[in-house]
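What follows is one structure encoded as structure tokens, with my remarks underneath.
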């Protein structure tokens, strides 16, 4: 099964717009806002109508291009790009190009802009107004930044850089990390139910701010239980299991159990309903509502996937799996290449 892609540029992961040559009508920072564009017509400021996106001034100096550089919140491999022009109709750019670069450290915007290491991941392509312009990417290389170039000018609501997050081995080796963290590459593969909120929220960055930011399933009447299967950022050893029921006061899961496996590379994890192939990481354990639970677990085997069982149904805010990436895991993580900066 293919793991769902995440938005590597999302503000919630730490993404930001480090530079743009122009944002006269719409602030460049709007490009990485997590929420969908929500333009409200009829609101005006000193620069004109207030837009929910990045919008440059009208060019009067002949042909040209505008650009914005985005620092990804998680380094990774780009699989798809969405140049979202929602609400931009008579003022969207006719064409766009997207480039990527992988650099270590924290280069300043001028050095990034002048670098010769940029590679094209979306060639010059036509855009439609008020639409999601989605482009498949088959580049396969790592990226830490992207540059959106529009021709000649106009407005883009959001830039979504979808792909697989990949942790930097130089930053995680020998450290305790959340092996399930979304910014490191932990992703939901399957979930039994997402009636009120999906299990993909369990590894979202930061604490849940409301019950609506957690995993909540419908009320079970069949005597069964709910479950969710995740792929870790890399194979590793879990040492502390954190199960958070914050905000779930009357509807928290009563009990949970955690299982793990280490299938061969390229092989999917076992069937969630099958007992074979899964090893216990946390026995069936009683939970308290509206509580952050921490369970220390020593001597657990190396795993690359986990299955969380929630009894009788799901009402959980977050799941964190604190531990270390194994030598096997570190060996499969590509390092960030040396910077090609001026």
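The values are calculated or read from the model by the stated rules, or taken from the named source; none is laboratory data. The shown structure was predicted, so the numbers you read here are calculated from the model rather than taken from an experiment. Don't worry about glycine lacking a Cβ; one is built from the backbone with ideal geometry, like all the others, and counts go over all protein chains shown.
A residue that is over 21 Å from the mean Cα position of the chain (by Cα) and not in a strand (DSSP E or B) occurs somewhere in segment 64-80. If only residues of segment 171-203 that are under 21 Å from residue 310 (Cβ atoms) and over 19 Å from the mean Cα position of the chain (by Cα) are counted, the one that is surrounded by the fewest Cβ atoms within 10 Å (Cβ to Cβ) is 195.
Taken together, the residues in segment 129-145 that are without any contact (Cβ under 8 Å) to a residue 60 or more places away in the chain and either farther than 21 Å from residue 7 by Cα or not in a loop (DSSP other than H, G, I, E, B) (or both) amount to 6.
In the set 41, 93, only one residue is assigned by TED's automatic domain parsing to the domain that holds residue 151 and at pLDDT 95 or above; that residue is 93.
Of all residues in segment 23-34, those being in contact with a helix residue (DSSP H, G or I) (Cβ under 9 Å, 6 or more places away or on another chain) and either crowded, with 18+ Cβ neighbours inside 10 Å or in contact (Cβ under 8 Å) with a residue 60 or more places away in the chain (or both) number 3. Annotation: of all residues in segment 53-63 being in a loop (DSSP other than H, G, I, E, B) and out of contact with any helix residue (DSSP H, G or I) (no Cβ under 7 Å at 6 or more places or on another chain), the one that is surrounded by the most Cβ atoms within 10 Å (Cβ to Cβ) is 56. Please tell me if residue 183 is closer than 26 Å to residue 20 by Cα and in the same structural domain as residue 225 (by TED's automatic domain parsing). Criteria met by residue 183.
Once segment 290-342 is narrowed to residues that are over 25 Å from the mean Cα position of the chain (by Cα) and in a strand (DSSP E or B), the residue that is farthest from residue 119 (Cα to Cα) is 311.
Within segment 238-259, if we keep just the residues that are surrounded by fewer than 22 Cβ atoms within 10 Å (Cβ to Cβ) and part of a strand (DSSP E or B), the residue that is farthest from the chain's Cα centre (by Cα) turns out to be 255.
Within the set 270, 235, 275, 283, the sole residue that is free of Cβ contacts under 8 Å to residues at least 40 places away in the same chain, assigned to a strand (DSSP E or B) and in the same structural domain as residue 314 (by TED's automatic domain parsing) turns out to be 283.
Applying the set (1) in contact with a helix residue (DSSP H, G or I) (Cβ under 9 Å, 6 or more places away or on another chain); (2) in a helix (DSSP H, G or I); (3) within 14 Å of residue 150 (Cα to Cα) to residue 12 leaves exactly one unmet item: (3). If you go through segment 81-103 and keep only what is closer than 16 Å to residue 146 by Cβ and part of a strand (DSSP E or B), you end up with 81, 82, 83, 84, 96, 97, 98, 99, 100, 101. The numbered conditions (1) in contact with a helix residue (DSSP H, G or I) (Cβ under 9 Å, 6 or more places away or on another chain); (2) assigned to a loop (DSSP other than H, G, I, E, B); (3) touching a residue at least 60 places away in the same chain (Cβ under 8 Å) are all true for residue 190 except (2). Whether a residue is in contact with a strand residue (DSSP E or B) (Cβ under 8 Å, 6 or more places away or on another chain), closer than 22 Å to residue 26 by Cβ and not in a strand (DSSP E or B) was assessed, and residue 153 passes this test.
Within segment 204-217, does at least one residue satisfy the condition of being surrounded by fewer than 20 Cβ atoms within 10 Å (Cβ to Cβ), more than 15 Å from the chain's Cα centre (by Cα) and farther than 23 Å from residue 311 by Cα? Yes, there is a match, as at least one residue in segment 204-217 is surrounded by fewer than 20 Cβ atoms within 10 Å (Cβ to Cβ), more than 15 Å from the chain's Cα centre (by Cα) and farther than 23 Å from residue 311 by Cα.
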